[in-house]
Every structure is written in structure tokens, then in C-alpha cells.
Amino acid sequence: MMVLDSLTKQKQIVIKLGFMKRFKHILWLAVSLTLIGQQTVLKALGIHLGPGWEALVPGLAIFGSAFMLSWAAELAQMEIPQSLALAFLALIAVLPEYAVDLYFAWSAGTDPKYIHYATANMTGANRLLIGLGWPVVLFAYWFATKKKHIDLEPGHRIELLALLAATFYSFFIPIKGSIQLIDSVVLLAIFIFYIIAASKAHHVEPELEGPVELFSKGSRLYRCIVTLAFFVISGFTIYISAEPFAEGLIASGKTWGVDEFILVQWLAPLASESPEFIVAIIFATRAMAGASLGTLISSKVNQWTLLIASLPIAYTLAGGSVWGMELDKQQVEEIFLTAGQSLFAIFILSNFRFSMIEAFALLILFSTQLVIPLLFPSIFPNMPEADLKSLEIKARLFYGGFYIALSILILMLSHNRRNAVLSLIKPGKKKQQQD
């Protein structure tokens, strides 16, 4: 009798826990739909909000849409290879970033001042991924497992190789002083190569968590219908939210006296990329370190190839010059700095291990590069504005050059790291011992 009572209590606990888990999934889904719905309703009613709110409301809608997109991508993982699924998940997760940046590029076709915003948003998004996203993933993994490094599977070689090729090519953009259609051709070719190579990997059944569990047990047709519905709903919301979000940021900056370039370069990418950061952190706390860091590496490949390639295409289709987007001095320096950071990050990961020291190096370099130029007016209160701008230029060039110098130093001081970089290009080369 006591055994039966014990089994009955255990069954009740399991049922209760199952109900609570299901309720939590439904709650997350409801929150996402609420964030999406509020922007749709305001848009349909033609209601215009004041400064701050005009950026916040569509930004929240993009945030909710990105979560829904990530759930759709996770469901899609049940039908496609793991490496392709990570690439697809990364692509879906950064769609809000694409929407905002392509809006700026399209607007630049008729108003050249938007070129400034398009490059600011693109460079900010790329540097945030490496300088903040990669270290945070390792910190979350350490918090969950107490392990101080992440080991990547050899299958991630294809992402690093694509990123290496795109990074080497990206140095030609500041040399030319423009982003042109020829850049689109080269970068699209790298992206297509990456996707084709990823599609040839083995298919592994994913471990699903969150609202997608509500739909994963259904038939294949049912999952496909739900996945398609998620894509359509979130895609439409992003479409109607990208323009008011981007314009709202600029207007809020002017109203509050904040440099709109800073808002566009850092706040907009942080808002539009936060869902992929959250997904990566969830993977890390579940001890899925490779999938966690792999998602952000794939996101970097997407943004460093497809996103940049899309800008001159959108610009030309909107009526801009077929010779591409002409860059000013600041934009050239921003791209040079971003390329330098990318090169340093690739050489760090070339041995397929990401350590705590390397994470702190990325985070400290990113943080100081971001904060120090903002402090120049306070440090040098009597310095003319032209001289302050010149100092900012020197700071960006210094950090870009410093990233490159560190990359060269890594290769000079470490024989294993040199072999690791060569093995990215020549996969048949015998695997070297990790540093």
C-alpha cells in the first residue's frame, strides 16, 4: 500500500511539473505574440508615438519576432544537417539586423547621408558579435560547468575558413574607399560556398527546449505548417517595424542630444541581435558549448559576407550609383577596425579552442575601443572639435593596427598556431596539438 501511495505521489509530481513546463512555454509564446501584436495594431491604426517610444515599440516588436524566428529555425533543424541548421539558425536570428541595415542602404539610394548609418550599423553589429558575444558565451559556459575553455568540433572548420576568406577580402574595401557590386559578387560567392559545404554535413537530431517542444511531437506536416506560420508572422512584423525603428533611433538621438551615429552603431545592433545572444547563452548554460559558440561564429560569417554583399545591391536598386557606396574617412576607418578585429578572432580560434584569457582579450579590446573615444571630450575639454575628431581617427587606426599586430605576433610566437591556421586552408594536414 505504501509503495502504491509513493508511486501515486511521484506520478502527481511528474504531471504537475509537466503542466508547469507547458505553461512556461505557452507564456513565452504569448509574450512574443504580444510584443509582435502591439506594433501591428499601432501600425494599422496609424498611431504615432513621441520621442523614445517611436524607437522602443518597433524595437520590442523586432525583439519578439526574432524569438519567433529562432523557434521556427529550431523546428527546421529536425529536417536538415546540424551544421546547416546552425548556419540557418544564425541567418534567421540576424534577420532583424538585416532589415535595419538594408533599410539604411535602400534609403541611401536617394539620400547619401544614410550611407553613414548603413556602415555604422554593419560595423557595430560585427564588432558586437566578437567583442561581446563570444566572451559572454564562454562566461555563461564557465558559470554552468566551471570549465574555462570551449573546444570546437572539427566540423566548424568550414565557418572559420569562410570567415578567413571574407576577412582577407574585407581589407580591400577601405583601400578602395567604397562598397561596390563587385564586392557583392565576391562575398556572395564565399557565402554560397559556406552554405553548400555546411549542407554536406551529417544530420543530428537536435535537443529542443522552450516553446518549440509544444510542436515538435506532431507530424512532419504539422511541424512544417507551424514553422511556416512562425516565419510569415515574424517576417511581416520585421518588415513593418524596421523603418520606424531605424528612424526612431535617429529622431531620438536628435531630440536628446545624443549622437545618432552612436545609437545606430551600438544600440540598434544590440537590440536586433539580442535574440541570437540569448539563444547562444541558453546553449552554453545547457553545456552545449560548441553549438553556442558555433551559432555566433555562423552569425559572424553571415554578417561579414551576406550582409555586406546586400548593401550595394539595395543601394543600387533604390537609385544609387552603380559604382557603389562611397565611404567617408570615418566609415573607412570603421571597416578597417572591424576587419582587424575579425582577423585577430580567427587566429584565436584557429586551434579550435577558445580560452578564458582569449575571451578577456577580446572583451577588453572591444570595451576600451568603444569607451575611450567617448571620454575624449571630458579628458580634453578645451580641445577644438576638429582636433577631437582627429584624435578619434587615430584611436580607430591604432586599434585596427593593434589587432593586426597581435594576429601577426600569434603566428610568429606559436608554431602550433601557424600550423592550425594552415590546416584551415589545407584540411588534409595532420591535426596539430592545441596550444
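No lab work stands behind these numbers, since they all come straight from the coordinates. Keep in mind the model is a prediction, meaning the values are calculated, not measured. Glycine gets a Cβ as well: all are built from the backbone with ideal geometry, and neighbour counts include every protein chain shown.
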*Which helices of the chain meet both criteria: a Cα extent of 30 Å or more along the helical axis and a mean Kyte-Doolittle score no lower than 0.0, with helices taken as whole DSSP H segments?*
2-45, 53-76, 220-256, 329-349, 356-379, 385-413
*Under a Cβ-Cβ cut-off of 9 Å, what is the net charge of the residues other than GLY290 that fall near it, where Lys and Arg count +1 and Asp and Glu count -1?*
-2
*asked:* As an exercise, find the ratio Rg/Rh for the stretch 272-339 from alpha-carbon atoms, using the Kirkwood inverse-distance average for Rh.
replied: 1.15
*Would you compute, from DSSP H runs of 4+ residues alone, the mean residue ellipticity of the chain at 222 nm, taking -39500 (n - 2.57) per run and dividing by the full residue count, rounded to the nearest 500?*
-25500 deg cm²/dmol
*Using the structure shown, list the pairs from LYS254/LYS300; LYS113/LYS389; LYS176/LYS300; LYS148/LYS200; LYS43/LYS217; LYS24/LYS300 with a Cα-Cα distance above 27 Å, or answer none.*
LYS254/LYS300; LYS148/LYS200; LYS43/LYS217; LYS24/LYS300
*Exposed loop GluC sites (Glu not before Pro) only (DSSP loop, at most 15 other Cβ atoms within 10 Å): please give the longest stretch of the chain free of them, not including the sites.*
210-435
*So what is the orientation-averaged projected area of the stretch 290-435, using the convex hull of its C-alpha atoms, in nm²?*
12.1 nm²
*Determine the gain in length on full extension of the stretch ALA405-THR110; use 0.36 nm per residue of separation and subtract their C-alpha separation, reporting nm with one decimal.*
102.2 nm
_In Å, descending, principal axis extents of the Cα set of the chain_ = 86, 63, 43
_Treating only the Cβ of Lys, Arg, Asp and Glu as charged (+1, +1, -1, -1), what charge dipole size does the chain show about its Cα centre? Round to the nearest 20 debye._
1600 debye
_Spatial separation of Cα centroids for the stretch 295-350 and the stretch 219-233, in angstrom_ = 33 Å
